[in-house]
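Remarks on the structure that follows.
The values are calculated or read from the model by the stated rules, or taken from the named source; none is laboratory data. Worth saying up front: this structure is predicted, and the values here are computed from it rather than measured. Neighbour counts run over all protein chains shown; Cβ positions are idealised from the backbone, glycine included. Note: accessible area is taken over every heavy atom of the protein model, side chains too, but ligands, DNA and RNA are not part of it. Shrake-Rupley method; radii C 1.70, N 1.55, O 1.52, S 1.80 Å.
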Amino acid sequence: MNEMEWALFGLGYLRTARRSAHEELNHVMDELRGHGARHQLWFSRTKNVFQSLYHYSDEFPSDGKIPGERFGSPTGFAQELDGYEAFLDGMLTELNDVDQQLRDGEGADWPAFLIGTVRERVVYFLDAVRYVKGSRPTPATSGGPDGELSLLVRLAERFHESALALKKHPHGGVTLTIANEWDCQYLFHSILKAYFRDVRLEEWNPSVAGSTARCEFFLKDIRAMIELKFARVPEDQKRFKTELLTDFADYGANTGVDYLIVLVYDPEHKLPAAVQLQADLSGPHKGLKDVRVVVSPPRAP
């Protein structure tokens, strides 16, 4: 199965999952409409989650075509699928929070069944999304630099998922919070070491016009450098673009480098036009065969 076949399969699978659950979703919608707690906060939060789930799960598969009205390529589908998973994870967190607040404040008389029913539907679609993601062909199986570069991009795209996985320790141990570029470097280095034997830290580039740039990682075997950015405020988007355009000249002057991957970590969606940042800066640059700017978590175009 290639990327296009996988993406079309995934769209079809998610459309079938939505059709199969349609009657159940309508039953839950009727239950919410007729419930007597409509003015209570827990109810409004639960209803908002379900309404978002009801409509988004129907809209996401769109026309089922690639290229189509929503997805321009298999990569675009994969990026939005990551966003869909994060969206569902957020719903689950919201419902668990509502559940816990009611347990703490109202004892055993609160309507657990309604929150539980909505949560079951969220998990249903989350399982469907994860099944589709798990069936994606692995780029590394293609071998050679192209396969390894594709793997690098995939790891960058999924960086946010790695960060989320570290927020809760299964046995109450010490957790890692990703709060700055140093934290990003620490985590991404551990991810890279699982896939690449020779990962060099903070490699310097040749001087250009009296200045030099230093990247976070250098993978000599595939002639690729990796740079990390951490978004804090909306104004960072303009700063990133200015800095990267300057850095590209330095990286392009390095005769040992052909490829550059830029991971921009924006966990709170601070950047106002992340998709445009990726599109504007990705592609060949002087001295570089290809530059891939990846914002994680991925954004829908």
Calculate for the chain the 222 nm mean residue ellipticity that helices alone would give, adding -39,500 (n - 2.57) per DSSP H run of length 4 or more and normalising by residue count, nearest 500 deg cm²/dmol.
-> -18500 deg cm²/dmol
For His169 and Asn48 in one chain, what is 0.36 nm times their gap in residues minus the Cα-Cα distance, to one decimal in nm?
-> 40.6 nm
Name the most mobile residue of Leu92, Leu263, Leu41, meaning the one with the largest mean-square fluctuation, in a Gaussian network model of the chain with Cα contacts below 10 Å.
-> Leu41
Accessible area (Å², per residue) of the chain, counting only protein heavy atoms and a probe of 1.4 Å = 51 Å²
For region 160-301, averaging the sequence separation of alpha carbon pairs under 8 Å that lie six or more residues apart and dividing by its residue count, the contact order in percent is 20 percent
Report relative contact order for the chain in percent, whole number only (criteria: Cα-Cα under 8 Å, sequence separation at least 6).
-> 15 percent
Please determine, in degrees from 0 to 90 and to the nearest 10, the orientation of helix 144-157 with respect to the longest principal axis defined by the Cα atoms of the chain, where the helix direction is its Cα long axis.
-> 50 degrees
Roughly what angle does helix 181-193 make with the longest principal axis of the chain, taking Cα atoms, 0 to 90 degrees, to the nearest 10?
-> 80 degrees
Once a ≥ b ≥ c are taken as the square roots of the eigenvalues of the Cα gyration tensor of region 148-279, is the result rounded (a/c under 1.5), prolate (a/b larger than b/c) or oblate (a/b not larger than b/c)?
-> oblate
Looking at the chain, what % of its DSSP beta bridges pair antiparallel, to the nearest 5?
-> 40 percent
Give the residue from Val49, Leu263, Asn96 lying farthest towards the positive end of the charge dipole for the chain; charges sit on Cβ (+1 for Lys and Arg, -1 for Asp and Glu) and the dipole is referred to the Cα centre.
-> Leu263
Quick one: pull the percent of accessible area on the chain belonging to carbon and sulfur, 1.4 Å probe, ligands and nucleic acids left out.
-> 51 percent
Taking Cα pairs closer than 8 Å and at least 6 residues apart, the relative contact order of region 257-301 in percent is 52 percent
Stretch gain in nm, segment Leu92-Tyr56, where the contour uses 0.36 nm per residue and the Cα spacing is subtracted = 11.5 nm
Listed residues Gly287, Trp182, Ser20: farthest to the positive end of the dipole of the chain (Cβ charges) = Gly287
Here the net charge surrounding Pro74, from other residues whose Cβ is less than 14 Å away from its Cβ (Lys, Arg +1; Asp, Glu -1), is 0
Long-range amide H partners of Phe217 with built H, under 5 Å = Glu202, Glu203, Ile226
Any of Lys229/Lys270; Lys193/Lys220; Lys220/Lys286; Lys47/Lys133 with alpha carbons more than 21 Å apart? Name them for me.
-> Lys47/Lys133
Range in the chain, longest, excluding exposed GluC sites (Glu not before Pro) [loop by DSSP; at most 11 other beta-carbon atoms within 10 Å] | 70-267
Over its alpha-carbon atoms, the chain yields an Rg and a Dmax in Å of 22.0, 71
20 °C / 1.002 mPa s Stokes-Einstein diffusion coefficient of region 221-277, Kirkwood radius on C-alpha pairs, µm²/s | 174 µm²/s
Once amide hydrogens are built 1.01 Å from N within the peptide plane, the residues lying 5 or more places from Val293 or on another chain with amide H under 5 Å from its amide H are Val262, Ser282, Gly283
Angle between the Cα long axis of helix 74-106 and the longest principal axis of the chain, 0 to 90 degrees, nearest 10?
-> 50 degrees
